[in-house]
Amino acid sequence: MKILQLDVESIEYEPVEPEIKVHDKAERKSTRISGALALFVSVERGDTDAYASKAVKDAVDFAKKQKIANMVIYPFAHISDDLEEPQRAMNLLDYMAKEAGKSKLQVHKAPFGWNKRLSFATRGHPLAETLKSYGAAEKSKGAPKQRKYDVSLVRKADWAGLPENDHRSIAERMDLFSFQEVSPGMVYWHPKGFIIFDELVKYIKETLNNYGYQVIAAPSMADTALWSVSGHIDHFRENMFIFEANDHELGMKPMGCPFAMMIYKSRSRSYRELPMRLADFDRLYRNEISGALSGLFRVRELTQDDAHIFVTEEQIEEELVVLLKLVHEFYSRFGLDYKPKLSTMPDSHLGTEEMWEKATDALKKALKRNGMKYEVKEKEGAFYGPKIDYDIKDSLGREWQCATVQLDYQLPQRFGLRYAGEDGKEHTPVVIHRVIYGSLERFLGVLIEHLNGRFPTWLSPVQARVITVSEQANKYAYELYDRLRKEGIRVDADASDKTIEYKIREAQMQKIPYMIVLGKKEAESKKVSVRSRSGKQRMGIGADEFISMIKKEISERSSDQPF
């Protein structure tokens with residue numbers, strides 16, 4: 001039995017139509033539950049009532065600790081390839097619901113065997129999403145497996161049927177990235193897509209340099225001894241890729257925190273070195289179940305603009321004030337509205353209540369000094385400290401959690417971090433964890449849909465396209481193309497014999513900011529006629545003037561075109 005356990009703010013499902021012959025009787029009406037522990041259950045061959053009872057007991061215990069009043073048992077076949085036959089699976093799910101009903105929880109069971117519309121919002125704490133295995137699934141771990149290689153998987157993922165404004169549909173039209181079946185949940189960046197990704201990284205690196213950050217890099221895996229010290233083995237193991245190699249158990253990196261701690265610890269430190277701001281852009285790996293993968297929004301291999309800031313007690317508030325200003329600067333650049341949320345001490349936490357109160361007060365003071373209104377999310381902090389999460393709102397009104405700022409007294413103590421204070425004594429630093437983009441993959445997915453692929457010129461994979469009206473302009477077109485390219489402008493050219501209307505329409509479909517239209521007149525005068533993506537035109541301007549204009553727009557990372 002495999003169970004994806006989610007602590008949800010809300011969950012809503014509506015039966016649409018039966019998928020298989022064996023199914024529950026159900027009405028076609030929507031059910032919405034607020035504040036629930038949702039168990040997405042795959043019943044596997046060999047599962048018994050005893051396994052189901054153990055799973056329910058663990059879930060009920062968790063719900064009590066988190067003070068959750070509702071439980072939803074949701075049949076979910078997508079997390080196993082060894083499913084029990086339907087009648088037995090339906091009976092076992094009914095048994096689970098009855099067992100859970102013996103507790104004080106309000107138990108809901110989604111209908112078995114139906115195609116259902118589903119939406120949910122998970123909470124933000126580290127244990128809000130956990131994949132668990134029971135019974136037959138546990139016994140099969142480590143057993144040798146006879147594998148047949150399905151070479152038909154060597155193909156691109158099929159995105160047919162997605163809405164036109166889905167980021168995957170836009171990406172396919174613009175040739176930005178793809179997903180391949182042999183690497184589920186991992187992005188294949190095409191040249192145009194990687195330009196956008198790379199520009200986002202360049203932008204934040206330049207900005208961080210102005211704020212006194214240093215960039216580091218670390219391995220992609222480590223002995224699980226490291227993850228034991230950090231607490232990830234106890235709190236995050238089910239979401240890690242763990243394997244054996246040369247008598248060592250190794251874990252792929254789901255978060256960068258322990259590596260920053262090790263770099264800080266590599267030599268003695270003085271108070272004069274603090275604040276020490278270490279940023280990294282390493283790849284992270286999280287064992288998300290296949291049913292939860294969703295384009296760029298949820299992947300197994302991701303890149304975070306991670307940073308760990310080592311400070312003294314006295315430096316906390318001022319560093320937080322500057323950090324919140326940095327977050328505002330970034331989101332304003334992209335025209336994204338955001339809403340901060342302050343998450344406080346959960347029931348399951350490390351450290352004393354006094355320490356948590358001190359950390360939470362520091363976050364509140366920084367928010368107040370920045371004049372920011374915020375929502376308090378009680379008991380939703382990370383297990384090691386309180387945090388500020390930022391929800392950004394896209395053009396469709398949807399909210400996405402991206403940036404987060406976390407104050408941590410725990411990991412520095414667990415790793416034995418020290419610095420020599422001005423008083424000559426040893427002290428333990430405090431660490432501020434922060435991401436701004438969050439996952440670059442998720443941020444880019446949000447941005448693609450928010451802008452519908454109409455990136456500002458500085459981010460656009462192709463910033464200008466030279467288009468010829470007739471063959472007489474070809475020589476001038478390629479001269480201008482070479483010059484623009486040497487000026488550092490991302491440019492391509494269309495000197496085909498297609499009609500000018502077709503060429504302009506193709507450029508607009510690719511969301512190219514500028515179309516430089518050249519005919520006989522422009523070739524003779526050595527001027528250009530420019531059409532912007534919005535359809536506005538400027539006729540017969542000098543090439544120098546256009547180059548100066550577009551370079552200024554790119555260097556300033558402007559969100560608006562001059563015309």
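Points worth noting:
- Spatial separation of Cα centroids for the range 1-75 and the range 191-206, in angstrom: 41 Å
- With a cut-off of 13 Å between beta carbons, the residues surrounding Met539 carry a summed charge of +3, where Lys and Arg count +1 and Asp and Glu -1.
- Long-range amide H partners of Gln463 with built H, under 5 Å: Arg490, Val491
- Debye log10 I(q)/I(0) for the range 2-139, one point scatterer per Cα, at q = 0.13, 0.16, 0.20 Å⁻¹: -0.51, -0.79, -1.27
- Gain on full extension, evaluated as 0.36 nm per residue between Glu545 and Arg505 minus their Cα-Cα distance, stands at 11.9 nm.
- Cross-link partners for Lys503 among the lysines, with Cα-Cα distance under 23 Å and sequence neighbours closer than 8 places in the same chain left out: Lys192, Lys475, Lys511, Lys520, Lys521, Lys526, Lys527, Lys536.
- Whole-Hz couplings from phi, Karplus 6.51/-1.76/1.60, listed for the range 202-216; x for Gly and Pro: 4, 4, 6, 5, 4, 5, 5, 4, 5, 9, x, 8, 10, 8, 10
- Enclosing the Cα atoms of the range 404-505 in their convex hull gives a volume equal to 170 cubic angstrom per residue.
- For Asp282 and Asp24, the difference between the fully extended length at 0.36 nm per residue and the C-alpha to C-alpha distance is 88.2 nm.
- Seen from Lys265, the other residues with C-beta closer than 12 Å to its C-beta sum to a net charge of +4, counting Lys and Arg as +1 and Asp and Glu as -1.
- Descending principal axes extents, the range 464-555, alpha-carbon based, whole Å: 34, 29, 21
- A cut-off of 5 Å between modelled amide H atoms, ignoring neighbours fewer than 5 places along the same chain, links Phe177 with His190.
- The local environment of Glu206, defined by Cβ-Cβ distances under 14 Å, has a net charge of -1 under the rule Lys, Arg +1 and Asp, Glu -1.
- Summary of the geometry: the range 324-403 and the range 489-539, compared by the centres of their Cα atoms, lie 46 Å apart.
- For the range 151-295, relative contact order (Cα pairs under 8 Å, six or more residues apart, normalised by length) works out to 22 percent.
- Cα-based reach from Lys29 at 24 Å (exclusive), listing lysines while leaving out same-chain residues under 8 positions away: Lys21, Lys98, Lys109, Lys116
- Working note: Cα gyration tensor of the range 217-262, eigenvalues times five, square-rooted, sorted largest first, giving semi-axes of 15, 13, 9 Å.
- Across the range 2-139, Cα pairs under 8 Å and at least six residues apart give a relative contact order of 42 percent.
- Relative to the longest principal axis of the Cα atoms of the chain, helix 86-101 runs at roughly 70 degrees.
- Computed 3J(HN,Hα) for the range 481-489, one whole-Hz value per residue from the Karplus formula 6.51 cos²θ - 1.76 cosθ + 1.60 where θ = phi - 60°, is 4, 4, 5, 4, 4, 5, 7, x, 8, glycine and proline marked x.
- Sequence-separation-based contact order of the chain, relative, with Cα cut under 8 Å and 6+ spacing, percent: 11 percent
- Residues with amide H under 5 Å from that of Tyr437, placed H, sequence gap 5 or more: Asp305
- Note, ³J(HN,Hα) from phi for the range 429-434, Karplus 6.51, -1.76, 1.60, rounded to Hz, x at Gly and Pro: x, 9, 10, 9, 8, 8
Bear in mind that the values in this text are calculations on the coordinates, not laboratory data. Because the structure is predicted, anything quoted here is derived from the model rather than measured. Note that we place each Cβ from the backbone using ideal geometry, even for glycine, and neighbour counts take in every protein chain shown.
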